[in-house]
Amino acid sequence: MKESSIRPTIRRSIRVTRRAVQVGTFLAFVLIPLLNNYDMRALTGNMVAFNAAGVPLADPLAMLQAAVGSFSVTAVMITGAGLVLLAAALLGPAFCGWLCPFGLLSELVQCLRNKKSGVSGSAKSSGAVFFRPVLLKSGLVAAGLLLILTALPLPVLTQLSMPAWITRFWQHAILLREILWPALWLVPAVLLAEFVLGGRFWCRYLCPQSLLISLAGLAGLALPKRLQVRFTPKACNCPASDRACLAACSLNLNPRKPVAAQMAQCVNCGDCVEACKKRGRALGFKFSAKD
Ligand code: SF4
Ligand code: SF4
């Protein structure tokens with residue numbers, strides 16, 4: 001088979017696969033409570049705490065809040081959060097790019113915004129990062145933990161978890177026959193703010209849930225194996241005024257600069273890799289810390 005005939009399939013594959021995984025995950029959290037309703041309980045839970053056939057998985061930040069609030073930890077908390085952090089260390093914060101239901105909605109809003117404003121990649125990325133998202137999220141998480149320690153021993157930061165609201169909404173609606181009203185106004189309000197402000201504002205600067213998985217992903221860069229985008233400068237053939245990878249990244253990152261600050265935020269969505277396949281093929285995924 002000629003290379004030209006297989007390239008279109010390759011070009012489409014990452015985006016199509018990712019969208020299928022995102023939509024499938026979204027639908028799974030509707031289907032799971034439906035199955036639970038009929039006593040099929042191999043999978044239970046939501047994006048705060050989940051159980052897959054006896055294997056616990058948990059939002060690390062929710063577990064940290066529970067530990068701080070109760071001054072205690074359980075084996076389930078350590079295992080659930082530990083497995084998620086281990087996955088993040090090996091794959092980076094791929095949860096955001098591949099699984100989070102709010103991430104899917106946020107990307108769709110960003111696509112809509114880009115279409116409406118006709119923004120180009122270079123124009124989009126020229127509004128450089130004025131403050132470091134990881135530091136901002138760290139401040140928010142530190143304030144939340146301080147509040148739990150001093151005044152409000154409740155998981156206050158989970159109230160800011162969009163994936164938790166979305167997945168808990170279906171659980172409450174199907175299993176408890178009640179409407180989780182905050183999910184109905186808070187999630188659309190945040191999406192509206194993202195549409196107005198652009199740059200996937202919530203996910204980049206405020207979502208506290210993404211902080212620990214981003215930090216685990218950053219720590220994972222020290223491992224011998226870790227999924228990451230690699231840039232080969234000599235293959236890059238885009239002019240400076242028209243970088244396809246910049247246009248493709250909904251998080252306004254520059255995949256050509258694989259510095260730690262960017263790699264902590266890169267969700268390994270592969271949009272830049274796919275865009276680059278139409279140009280110099282200078283970007284690709286590698287499961288290795290070494291070139
Ligand atoms: S930043 Fe938060 S809301 Fe956005 S995709 Fe990641 S976990 Fe989801
Ligand atoms: S740099 Fe590439 S892989 Fe990372 S978030 Fe941006 S588009 Fe996705």
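Past 19 Å, Cα to Cα, is the threshold; run K234/K277; K225/K286; K257/K286; K137/K225; K115/K137; K234/K278 against it and keep the listed order. Let's see the in-between values first.
On the way: K234/K277 15 Å; K225/K286 9 Å; K257/K286 15 Å; K137/K225 26 Å; K115/K137 29 Å; K234/K278 16 Å.
Too far apart for the 19 Å limit: K137/K225; K115/K137.
Relative to the longest principal axis of the C-alpha atoms of the chain, give the angle of the C-alpha long axis of helix 209-220, reported between 0 and 90° and rounded to the nearest 10°.
The answer is roughly 60 degrees.
Over the chain, with the other protein chains present, what is the accessible area per residue in square angstrom, probe 1.4 angstrom?
Result: 51 Å² per residue.
Would you calculate a helix-derived [θ] at 222 nm for the chain, using -39,500 (n - 2.57) for each DSSP H run of n ≥ 4 and dividing by the full residue count, to the nearest 500?
Numbers: 12 runs with 158 residues, N = 291.
It lands at -17500 deg cm²/dmol.
Spit out the partnerless Cys residues in the chain, using Cβ distances under 4.7 Å as the pairing rule.
Those would be C96, C100, C111, C203, C207, C236, C238, C249, C266, C269, C276, since no other cysteine Cβ in the chain comes under 4.7 Å of theirs.
How far, in degrees from 0 to 90, does helix 181-197 lean away from the longest principal axis of the Cα atoms of the chain, to the nearest 10?
20 degrees
What number comes out for the charge environment of K257, summing +1 per Lys or Arg and -1 per Asp or Glu over other residues with Cβ under 13 Å away?
Details: positive: R230, R243, R256; negative: none.
Net local charge, K257 excluded: +3.
Would you mind putting 260-269, 237-246 in packing order, based on average other-beta-carbon counts within 10 Å, highest first? Working shown, then result.
Details: 260-269: 20.5, 237-246: 15.4.
Descending mean neighbour count gives 260-269, 237-246.
Which of N254, C203, S138 sits farthest toward the positive end of the charge dipole of the chain, with +1 on the Cβ of Lys and Arg and -1 on the Cβ of Asp and Glu?
N254
The values are calculated or read from the model by the stated rules, or taken from the named source; none is laboratory data. These figures come from a predicted structure and were not determined experimentally. With ideal geometry, Cβ positions are generated from the backbone for all residues, glycine too; neighbour counts draw on all protein chains shown. Calculation scope for accessible area: heavy atoms of the full protein, side chains included, ligands and nucleic acids excluded. Shrake-Rupley method; radii C 1.70, N 1.55, O 1.52, S 1.80 Å.
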